[in-house]
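Quick notes on the structure that follows.
Bear in mind these aren't lab numbers, they're just calculated from the coordinates by the rules spelled out. Everything numeric here is computed off the predicted structure, so don't read it as measured data. Here the Cβ positions follow ideal geometry from the backbone for every residue, glycine too, while neighbour counts run over all protein chains shown.
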Amino acid sequence: MAGCIILLIVGIALVVKGGDWFVDAASWFAEVSGIPTFIIGATIVSVATTLPEVLVSSLSAAEGSAGMAIGNAVGSVNCNIALIMALSLLFMPGILKRRDYIAKICMLLGVISVLWALSSTGKVLEWWEGLIVIAFFFAFMVENLLSAKRHAKLSALEEQDDISKDGVQLYTAEEFEFEIQKDFNSKSMLTIKRTGIQFEKSTLVKNIILFIVGAGAIVVGAQLMCDNGSEFASLLGVSDDLIGVTILAVGTSLPELVTAITAIAKKKSDLSVGNVIGANIIDISLILPLCSFISAGKFSTPLPVSPQSLTLDFPFCLAVAGLALLPALALGKFQRWQGGLLIAGYVTYITLLVLNTLHVIAIF
């Protein structure tokens, strides 16, 4: 038991830290290759930050642990909203810009509802139903790109206005190029011909190492989490579903928790809320379809959905998403009471799961 717990903790640590390294390196490579910043943030970073959940659930599905696969994906959403986002709302309720979030909120509530409805039919998720769900992921990516491009243009216009008002003298193109070359001549530099971006060789080596080590750490950590999570459930005599929505879900949501705490400390509530909503849409619309494809391809069977997921996990997921986002969408701002109710709801949710597991009550 002790060894299982230690390896589970090591797996969580590898996934969290590996994910951090991988995202940083992938973002750097994307930037120096000339990909616009708004595309990097809207696509590469968005998907990369959910890579731990993707791998943990995919490996679980490949090993036949459908309960952990679904539990991790849905449980991560529950944790993100009812614990992480709730902390942000409790300590720092902020304004909700309807134009920025209305499409994302509709997508999140829509994909949860569709997934719950599809899973309830036959208590499985077929591969073709996975195609319906993954359509939400691609729609989110397109909306994310359009939104990020719009914000990039607005920021550029605002920056130009500020420069004009302040009367700042700008470099000419020739002067700016000369200054860059003068700085770079004293160092061993590499140049990307297509973009003209220059950087030190040591920076390239560092990011290559971070990319490889980060990806490897995520894979190894995800495997440790799957293997030891399943073993831990067996030793405790509980279901894979319970381990999935608790230990694995919280473990893979640690990056979002760190982001939320940082946002609270820096008084940037929009950062936390936007990160959580985006991560949730990807968790639901990408991970479970991938798991259904894996199940169909490896076992020639649809992905089984447990009574726990249908009776408690999906309903709670839809309820907390609605409670967190619909009042804010109507009022144009978040309320502190929402954070309190969400945390109370999360405690109640976990308590019900534990009591059902201990056979104190019978929910499913």
Open item on the list: Based only on other Cβ atoms within 10 Å, what is the fewest-to-most ordering of T351, T252, T357?
Closed with: T351, T357, T252
Task: Residue-count net charge about G11 - beta-carbon cut-off 13 Å; Lys, Arg +1, Asp, Glu -1 - done: -1
TODO: Rank the residues I208, I282 as a footprinting-exposure proxy: fewest other Cβ atoms within 10 Å of their Cβ go first.
DONE: I208, I282
Open item on the list: Whole-Hz ³J(HN,Hα) for each residue in segment 11-19, computed from phi via Karplus 6.51 cos²θ - 1.76 cosθ + 1.60 with θ = phi - 60°, x for glycine and proline: what do you get?
Closed with: x, 4, 4, 5, 5, 5, 6, x, x
- [ ] For each of S295, S113, S147, S202, count neighbouring Cβ atoms within 10 Å of the residue's Cβ, then give the residues from fewest to most.
- [x] S202, S113, S147, S295
Task: Over 19 Å (Cα to Cα) - which of K104/K333; K149/K333; K97/K333 fall in this group - done: K149/K333
TODO: Take V10, project a point 7 Å from its Cα along the Cβ direction, then tell me which residues of segment 224-259 have their backbone nitrogen under 16 Å from it.
DONE: 224-232
TODO: Could you pull out every residue, at least 5 positions away or on a different chain, whose amide H is within less than 5 Å of the one on L125? Hs are placed 1.01 Å off N in the peptide plane, and Pro or chain starts have none.
DONE: L303, V305
